[in-house]
Amino acid sequence: MIQSQRTIMLFVGMATLLALVGIGQGWDVALLLVNMCIISAIMALGVNIQWGYAGLFSIGSMGFAALGGLAGVIISAKPVPGAWQAGGLGVIGGLLSALITIVLGIFVWRRLAHLGRWRYWITGVIVLAGFIIMRSLMGPAITAIEKIDPAAAGYLGGMGLPILLSWAVGGIFAAAAAWVVGKVSLGLRADYLAIATLGISEIIIFILKFENWLTRGVKNVTGLPRPVPYEVDMIASPAFQGFATAIGTNAIAAASIIVKLCYAGLFSAVLVLVLYLSEVALRSPWGRMMRAIRDNETAAAAMGKNVTARHLQVFILGSAVVGIAGAMLTTLDGQFTPTSYQPLRFTFLIWVMVIIGGSGNNLGAVLGGFVIWFFWIEAEPVGLWLIELITSGMAQNSPLRAHLLDSAAYMRLLTMGLLLLLVLRFAPRGLIPEVKR
């Protein structure tokens, strides 16, 4: 069987599994699963750009996804006038002082290279003075902001713009953070790069959890606007009620399905665009250069390629794609919950998506995103059904039966491990291997 036929069969099989969920658990559940699979596929494409194209082992994806979620808050949340009056100017002044400190510190560091060790002291004094000024401006302002209706607000809010704009802004936020991270860590060896990116990801998420004036922290930001209609508005429409009756269902079920179909359409458009651009880049001279650097950095450097600059470039591109997916996830949820970003847990899932799908192959990354998220969600209900079937002959008060039923939630971990082992055993290059051009 040629690879193209095998690829089609794999995607048809994935569509069949999703259809079975719709038949067995309801189309509402199946469409929600499809939307999450699409977002997962976009995240997997971002990681595949870094690892599959250039061999960069970064495990800081959740930090960039969280920055995408932050973009959703800043762009679409309604501003809190009382908070802006209480401390808005102080926060802006503090951020400007931090920016001026960074620019001045870099300028002095570069201009005073002839002074030797003295430039360390001068730069340190500038940074310390800038930090003191920033804290003196932001400290009282943040305290005042967080006192403004802390149960419902306690933060500055956002710009009140359409949330679709946050998808592009989320990519920009993640790209900017990736530039800073890349400048610091891309000169490190592969294992140190992984540790550095994980640490920086944890720092980003820590800031989002505890800077209440920016994100409300653990209290979450809820009620973000939608890019699709609200179910309650659709249900209230007599025309829509007539449409639901005509197709043989009730208005509530029809509204929920149509909303999820609208999300699926928007997300699919982004997935197709990212996939198309990724394929164009991979097949271009730039893509051949990145694969050459991945396979042999020394030989590529000997041919005059700036390996560090290209690594920084591909790291920024992959992080931007992950940031876009993070903004899309916040859009689907309608809220921003910093505590849900768990770097080790979900970064592992994204990496499994790339490995199982086939690193270096964009279609493989998409398939891996669908397969892994599908089994991550469906492993628990299917596992519970299987355990109930196995233990159906036991007494209702059997301790063993109770223990097995309580352990059904861990079936997803067992499923992930088993799936990874099987694929690595029988398809070590992934379900859709990289095409050697």
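The residue among Gly105, Gly130, Trp84 whose Cα reaches farthest toward the positive pole of the charge dipole of the stretch 80-156, with charges on the beta-carbon of Lys, Arg, Asp and Glu, is Gly105.
Rounded to the nearest 20, the size of the Cβ-charge dipole of the chain about its Cα centre is 1580 debye, with Lys and Arg at +1 and Asp and Glu at -1.
Rounded to the nearest whole Hz, the Karplus-based 3J(HN,Hα) values (6.51 cos²θ - 1.76 cosθ + 1.60, θ = phi - 60°) of the stretch 335-341 follow the sequence 7, 10, 10, x, 6, 7, 8, with x at glycine and proline.
Residues within the reach of a label modelled at Val184 (point 7 angstrom out along Cα to beta-carbon, backbone nitrogen below 15 Å), restricted to the stretch 304-342: there are none.
For the chain, the equivalent ellipsoid derived from the alpha-carbon gyration tensor has semi-axes of 40, 32, 21 Å in decreasing order.
Whose amide H sits under 5 Å from the amide H of Ser58, counting only residues 5 or more places off or on another chain, with H placed in the peptide plane? Amide H neighbours of Ser58: none. Applying the criteria of a DSSP loop state and at most 16 other Cβ atoms within 10 Å to the trypsin sites (Lys or Arg not before Pro) of the stretch 274-341 yields Lys305. Listed values for the stretch 371-387 are Karplus-derived 3J(HN,Hα) couplings in whole Hz (6.51 cos²θ - 1.76 cosθ + 1.60, θ = phi - 60°), namely 5, 5, 5, 4, 6, 5, 7, 7, 4, 5, x, 5, x, 5, 4, 5, 5, and x replaces Gly and Pro.
Give me the base-10 log of I(q)/I(0) for the stretch 195-246 at each q in 0.12, 0.20, 0.21, 0.30 Å⁻¹, Debye formula, one uniform scatterer per Cα, rounded to two decimals. Debye output, listed in q order: -0.55, -0.78, -0.81, -1.03. For the pair the stretch 246-274 and the stretch 96-171, the centres of their Cα atoms are 41 angstrom apart. Counting pairs of alpha carbon atoms under 8 Å apart in space and at least six apart in sequence, what relative contact order in percent does the chain give? About 30 percent, as a whole number. Could you point to the residue in Met290, Ile75, Gly360 farthest towards the positive end of the chain's charge dipole, with +1 and -1 charges on the Cβ of Lys/Arg and Asp/Glu respectively? My answer, from the dipole projection, is Met290. In summary, the stretch 80-156 shows an alpha-carbon radius of gyration equal to 1.46 times the 2.2 N^0.38 Å reference for compact globular proteins. For Gly157, the residues whose modelled amide H falls within less than 5 Å of its own, excluding neighbours fewer than 5 places apart on the same chain, are Val80.
Readers should treat all values here as calculations from the given coordinates under stated rules, not as data from a laboratory. Small disclaimer: the values here were computed from a predicted structure and weren't measured. Because the Cβ atoms are built from the backbone with ideal geometry, glycine has one as well, and the counts that use them run over all protein chains shown.
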